[in-house]
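Below is one structure, written out as structure tokens; the observations come after it.
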Amino acid sequence: MAGGKEIRTQIASIKNTQKITSAMEMVAASKMKKAQNRMTASRPYSEKIIKVIGHLAYVHSEFEHPYMKKADTVKRIGIIIISSDRGLCGGLNTNLFRSLLKTMADYQAQGVEIDICTIGKKATSFFKNTGLTIKSVLTDLGDAPHFDDLLGTVKVMLDAYDAGEIQQLSVAYNRFENTMTQAPTITQLVPMVAGEVEGMNHHWDYLYEPDAQEALSALLIRYIEALVYQGLVENIACEQSSRMIAMNSATDNAGDMVKDLELVYNKARQAAITQEISEIVSGAAAV
Amino acid sequence: MSSMYVDIVSATESLYSGEAKCVFAPASTGELGIYPKHMALLSVLKPGEVRIETESGIQSIYVSGGVVEVQPDTVTIFSDTAIRANDLDESKALEAKQRAEEAMTNAEGGQDISATQAALAESMAQLQMIAKMRSKKI
């Protein structure tokens with residue numbers, strides 16, 4: 001009976017792997033629920049702040065904040081890349097990095113240089129070998145990131161913008177569309193791109209307190225942080241749902257493999273029995 | 001009696017959303033009383049209490065700073081969840097930069113913690129596998 005024992009151990013080891021993947025699937029499913037709740041909870045903030053920024057686009061102010069002014073020439077841009085800390089989540093990070101590399105190649109073809117800021121271990125280890133300058137790094141955020149964890153990391157990039165080192169800042173993350181689909185997204189943060197608002201087209205301006213610069217800075221910084229935070233929370237929801245799907249298919253595949261191997265094992269066993277019988281029979285006939 | 005719509009949101013949740021007769025907010029230059037048809041206003045808030053007067057009574061919510069935007073018929077308050085101080089932000093920014101430098105120097109050395117961890121996990125799994133196979137043979 002050739003390979004009978006080997007096949008049996010292989011089946012046992014695949015079954016063990018299957019147990020692990022199905023446990024991971026269940027863990028990811030429950031974490032995804034929580035991540036989705038956090039995502040919906042943080043949505044009102046970013047939606048409201050986007051709306052207010054939309055109003056700002058119609059303001060006829062004497063003071064123009066640097067975050068709203070478009071630079072004449074863009075020589076260097078900054079990208080904040082949000083990824084997961086852990087692997088085993090399908091093609092989530094790879095898809096994002098691939099679409100990013102394409103965008104980066106487009107920029108570099110135009111002679112624009114790129115500085116990056118990485119959030120998550122996967123992005124950090126992927127991009128440090130690309131030769132781009134990593135300005136700041138944030139890892140080990142866990143499943144429930146705090147808003148204040150982000151502040152320092154975002155500040156580094158905004159300081160670079162303030163100092164004129166970079167002329168544009170974007171954030172790249174996976175947008176959560178539904179459990180099955182995650183879309184790699186790159187959103188421009190500064191200079192602002194405001195949406196259209198109905199009924200705002202008359203001449204008006206805010207009353208600023210204490211003054212225009214301080215009030216606008218406070219609002220715009222919160223806007224940028226809110227967008228990055230929203231990206232981060234969505235990316236976590238994406239990570240969990242992507243992991244759930246990856247582990248689900250891994251469990252299915254393990255099941256298929258076990259089935260195939262059991263067939264091979266049974267065939268080998270039967271062949272061995274048949275051989276034994278024919279040996280006995282031919283032995284008896286020889287007597 | 002006219003009313004306006006008030007939203008108080010923080011990054012992690014919506015704190016209040018509904019109609020109100022008037023709102024008092026702790027602006028950086030002093031307390032602001034906002035009634036319907038107020039002029040468009042944008043102000044920084046300091047830590048303090050936001051009071052909302054509605055038909056059914058007064059509700060008060062604590063905010064640790066933030067920004068308020070006023071339009072004639074809506075008031076939006078962005079409450080901070082993080083404590084902000086310039087020097088605190090500065091030190092966090094420095095930490096983030098340091099981590100970046102570490103990552104960059106590691107890249108040159110070819111040493112990578114996550115790659116090493118992956119290799120370690122792999123050899124651990126192999127060892128476990130060998131142990132399992134041995135115990136089965138006996």
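Only one residue in A:123, A:57, A:71, A:105 is hydrophobic (A, V, I, L, M, F, W, C) and under 14 Å from the mean Cα position of the chain (by Cα), so which one is that?
So the residue among A:123, A:57, A:71, A:105 that is hydrophobic (A, V, I, L, M, F, W, C) and under 14 Å from the mean Cα position of the chain (by Cα) is A:123.
Can you pull out every residue in region A:124-153 that is at the interface with chain B (Cβ under 8 Å from one of its Cβ atoms) and crowded, with 19+ Cβ neighbours inside 10 Å?
Result: A:124, A:125, A:128, A:134, A:135, A:136, A:137, A:138, A:147, A:151, A:152, A:153.
Enumerate the pairs (first residue in region A:69-80 and under 13 Å from residue A:191 (Cβ atoms); second residue anywhere and part of a strand (DSSP E or B) and among the charged types (D, E, K, R)) with beta-carbon separation below 6 Å, excluding pairs fewer than 6 apart on the same chain, so at least 6 apart or on different chains.
Hits for this filter: A:78/A:115.
Got a number for residues in region B:4-30 being more than 11 Å from chain A (Cβ to nearest Cβ), without any contact (Cβ under 8 Å) to a residue 40 or more places away in the chain and among the hydroxyl-bearing types (Ser, Thr, Tyr)?
So the count comes out to 0.
Which of (1) under 26 Å from residue A:181 (Cα atoms); (2) acidic (Asp, Glu); (3) at pLDDT below 90 is the odd one out, the single condition residue A:85 does not satisfy?
All conditions pass for residue A:85, except number (3).
Do any residues in region A:219-246 that are facing chain B (nearest Cβ under 9 Å) and over 25 Å from residue A:30 (Cα atoms) have Cβ atoms under 6 Å from those of residues that are of a type outside the set (A, V, I, L, M) and surrounded by 23 or more Cβ atoms within 10 Å (Cβ to Cβ), where the two are at least six apart or on different chains, and which pairs are they?
So the pair list comes out as A:222/B:78; A:226/A:45.
Sort out which residues of region B:31-49 are closer than 22 Å to residue A:226 by Cα, away from chain A (no Cβ under 12 Å) and modelled with pLDDT of 90 or more, and write them in order of number.
none
So which of A:35, A:29, A:41, A:12 ends up being within 30 Å of residue B:10 (Cβ to Cβ), part of a helix (DSSP H, G or I) and free of Cβ contacts under 8 Å to residues at least 40 places away in the same chain?
From the options A:35, A:29, A:41, A:12, the qualifying one is A:41.
Table: residues versus (1) under 30 Å from residue B:79 (Cα atoms); (2) among the charged types (D, E, K, R).
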position	(1), (2)
A:37	yes, no
A:44	yes, no
A:48	yes, yes
A:56	yes, no
A:60	yes, no
A:68	yes, no
A:105	no, no
A:117	yes, no
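Among residues belonging to region A:18-39 that are crowded, with 16+ Cβ neighbours inside 10 Å and within 11 Å of chain B (Cβ to nearest Cβ), point out the one that is farthest from the chain's Cα centre (by Cα).
Ranking the qualifying residues of region A:18-39, first place goes to A:38.
Would it be correct to say that residue A:169 is out of contact with any Leu (no Cβ under 7 Å at 6 or more places or on another chain), in contact (Cβ under 8 Å) with a residue 24 or more places away in the chain and in the same structural domain as residue A:119 (by TED's automatic domain parsing)?
No.
Can you tell me which residue is farthest from the other protein chains (Cβ to nearest Cβ) among those in region B:53-78 that are touching a residue at least 40 places away in the same chain (Cβ under 8 Å) and touching a Gly at 6+ places or on another chain (Cβ under 8 Å)?
Taking the candidates together, the pick is B:63.
I'd like the full set of residues that are touching a residue at least 40 places away in the same chain (Cβ under 8 Å) and among the aliphatic types (A, V, I, L, M), limited to region A:15-26.
Within region A:15-26, just A:24 meets the criteria.
Being away from every other protein chain (no Cβ under 14 Å), outside any helix (DSSP H, G or I), at pLDDT below 90 and in contact with a strand residue (DSSP E or B) (Cβ under 8 Å, 6 or more places away or on another chain), is that true of even one residue in region A:191-203?
Yes, region A:191-203 contains at least one residue that is away from every other protein chain (no Cβ under 14 Å), outside any helix (DSSP H, G or I), at pLDDT below 90 and in contact with a strand residue (DSSP E or B) (Cβ under 8 Å, 6 or more places away or on another chain).
Is it the case, given these coordinates, that residue B:17 is more than 18 Å from residue A:219 (Cβ to Cβ), part of a strand (DSSP E or B) and in contact with a helix residue (DSSP H, G or I) (Cβ under 9 Å, 6 or more places away or on another chain)?
Spelling it out, residue B:17 is indeed more than 18 Å from residue A:219 (Cβ to Cβ), part of a strand (DSSP E or B) and in contact with a helix residue (DSSP H, G or I) (Cβ under 9 Å, 6 or more places away or on another chain).
Could you check region B:28-52 and list, in sequence order, the residues that are within 20 Å of residue B:73 (Cβ to Cβ) and surrounded by 17 or more Cβ atoms within 10 Å (Cβ to Cβ)?
B:32, B:34, B:36, B:38, B:41, B:42, B:43, B:50, B:51, B:52
For region A:53-68, state whether one or more residues are surrounded by 15 or more Cβ atoms within 10 Å (Cβ to Cβ), part of a helix (DSSP H, G or I) and at pLDDT 90 or above.
no
How many of the residues making up region A:87-123 are within 14 Å of chain B (Cβ to nearest Cβ) and either free of Cβ contacts under 8 Å to residues at least 24 places away in the same chain or among the charged types (D, E, K, R) (or both)?
The qualifying residues number 3.
Among the residues of region A:250-287 satisfying the criterion of being surrounded by 10 or more Cβ atoms within 10 Å (Cβ to Cβ) and polar (S, T, N, Q), which is farthest from residue A:26 (Cα to Cα)?
A:278
The values are calculated or read from the model by the stated rules, or taken from the named source; none is laboratory data. Note that the coordinates shown come from a computational prediction; the quantities given were computed from them, not determined experimentally. Because the Cβ atoms are built from the backbone with ideal geometry, glycine has one as well, and the counts that use them run over all protein chains shown.
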